[in-house]
Amino acid sequence: MSATATPLSPRRPREAAGSPLLLGHGRLPRVLAGTALVVLAAVWLLPFVWAVVTSVQSEQDVSKPGLSPFKGAFTLDAYRRILERGDVPVWAFNSFLIAGLVTLITVAVSTLAAYGFSRGTFHGRRALLAVTVAAIMVPPQLLIVPLFKQMLLFDLVDTYAAVILPQVVAPMMVFILKRFFDGIPRELEEAARIDGASEFRVFRSVVLPLSRPIVAAVSIFVFIGAWNNFLWPFIVTNDSDLMTLPVGLATVRDSHGVQYVPGMASALLAALPLIVVFLFFQRRIVDSVATTGLGGS
């Protein structure tokens, strides 16, 4: 009976149920990927943890020799001094205002330009697109002097416009949006035109709703870049009431040479709003990046 039952047995052979084969086909890649992610997360978190630990100690304790990051008593004196000497609420408001306006204007200009490059047939389109792509390779630092002279010419130094306007030109975002628009089926736009929709109505009612993931991802990248931008706002503003949070915190310095604790505390205060925003919108941020594929572009 056992001889006849063996061929009909639904059990898999012992070799197929063994761990080497299972690991080779399913578990091993996941284990390796998980291990790599844990290692990368630890590498990224180590400097952040070190900065946090450094910011809650005194300068004397941090200067002690040794590899241990925590060398003294816990104290928040660095944060207290920064908040007392600086105008953090005003700088935070300026950062939100400037980053928000830069994001709004950049997305509006970039989407319109990308749609023109993707669907337009005007003369010189390819040459203008080539110039836009070439502008991606120009380091922003090369444009600081001519941009500053331009702001002086227009009498815009120490104004919100001087901080905002040079940041709204984003060739990379135009190129990314143009690539996404190229993948939208033209039949949908033709159907809207047959119904009598104008070109702008097609763009607003057909193209933009289909492009929400890429627009969200571009908005996130532009906002983070504008928030973290230090060099240009530092150069073009002298009035403390117009400074952004990174620039304002950089002005809060002691007159005792290099101070590690206030520097770490300032950096953490500047990054705190972005960390809070990410904690609240992390699912939307991750979904936008994953959907658009910008992480691997």
If you go through 192, 217, the only one that is touching a helix residue (DSSP H, G or I) at 6+ places or on another chain (Cβ under 9 Å), surrounded by fewer than 19 Cβ atoms within 10 Å (Cβ to Cβ) and part of a helix (DSSP H, G or I) is 192
Out of 211, 205, which single residue is touching a residue at least 60 places away in the same chain (Cβ under 8 Å), touching a helix residue (DSSP H, G or I) at 6+ places or on another chain (Cβ under 8 Å), hydroxyl-bearing (Ser, Thr, Tyr) and closer than 19 Å to residue 118 by Cβ? 211
Residue 169 vs (1) assigned to a helix (DSSP H, G or I); (2) under 20 Å from the mean Cα position of the chain (by Cα): all pass except (1)
Go through the residues of the range 159-179 one by one and say whether even a single one is more than 27 Å from residue 137 (Cβ to Cβ), buried (at least 16 other Cβ atoms within 10 Å of the Cβ) and at pLDDT 90 or above. yes
Meets criteria (out of contact with any helix residue (DSSP H, G or I) (no Cβ under 8 Å at 6 or more places or on another chain) and closer than 22 Å to residue 161 by Cβ) for residue 239: yes
Please state which one of 56, 43 is modelled with pLDDT of 80 or more and touching a Ser or Thr at 6+ places or on another chain (Cβ under 7 Å). 56
Only listed residue being open to solvent by 60 Å² or more (accessible area, probe 1.4 Å) and over 24 Å from residue 239 (Cβ atoms), chosen from 143, 128, 83: 128
Only one of 56, 90 is under 23 Å from residue 252 (Cα atoms) and in contact with an Asp or Glu (Cβ under 7 Å, 6 or more places away or on another chain); which? 90
Return the only residue of 175, 221 being in contact with a Phe, Trp or Tyr (Cβ under 9 Å, 6 or more places away or on another chain) and either more than 30 Å from residue 266 (Cα to Cα) or touching a residue at least 24 places away in the same chain (Cβ under 8 Å) (or both). 175
Do we have any residue at all in the range 227-235 that's over 15 Å from the mean Cα position of the chain (by Cα), within 23 Å of residue 163 (Cα to Cα) and of a type in the set (A, V, I, L, M)? yes
Residues satisfying the stated conditions in the range 39-57, i.e. in a loop (DSSP other than H, G, I, E, B) and either among the hydrophobic types (A, V, I, L, M, F, W, C) or surrounded by fewer than 16 Cβ atoms within 10 Å (Cβ to Cβ) (or both): 56
Just to be sure before I move on: is residue 126 part of a helix (DSSP H, G or I), farther than 30 Å from residue 179 by Cα and charged (D, E, K, R) in the structure I sent? no
Can you go through 155, 182 and tell me which one is in contact (Cβ under 8 Å) with a residue 24 or more places away in the chain and charged (D, E, K, R)? 182
Examine the range 63-79 for a residue that is closer than 29 Å to residue 204 by Cα and either free of Cβ contacts under 8 Å to residues at least 12 places away in the same chain or open to solvent by 60 Å² or more (accessible area, probe 1.4 Å) (or both), and state whether such a residue exists. no
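Every residue, every condition in (1) aliphatic (A, V, I, L, M); (2) in a helix (DSSP H, G or I); (3) closer than 28 Å to residue 237 by Cα; (4) more than 25 Å from the chain's Cα centre (by Cα), yes or no:
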residue	(1), (2), (3), (4)
29	no, yes, no, yes
32	yes, yes, no, yes
71	no, no, no, yes
91	no, yes, yes, no
96	no, yes, yes, no
100	no, yes, yes, no
106	no, yes, yes, no
Among the residues that make up the range 226-239, is at least one of them hydroxyl-bearing (Ser, Thr, Tyr) and either touching a His at 6+ places or on another chain (Cβ under 7 Å) or at pLDDT below 75 (or both)? no
Among the residues of the range 228-243, write down those that are open to solvent by less than 10 Å² (accessible area, probe 1.4 Å) and assigned to a loop (DSSP other than H, G, I, E, B). 237
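The values are calculated or read from the model by the stated rules, or taken from the named source; none is laboratory data. Note that this is a predicted model, so its numbers are computed, not measured. Every residue, glycine as well, gets a Cβ built from its backbone with ideal geometry; the counts of neighbours run over all protein chains shown. SASA here: full protein model, heavy atoms, side chains in, ligands and nucleic acids out. Shrake-Rupley method; radii C 1.70, N 1.55, O 1.52, S 1.80 Å.
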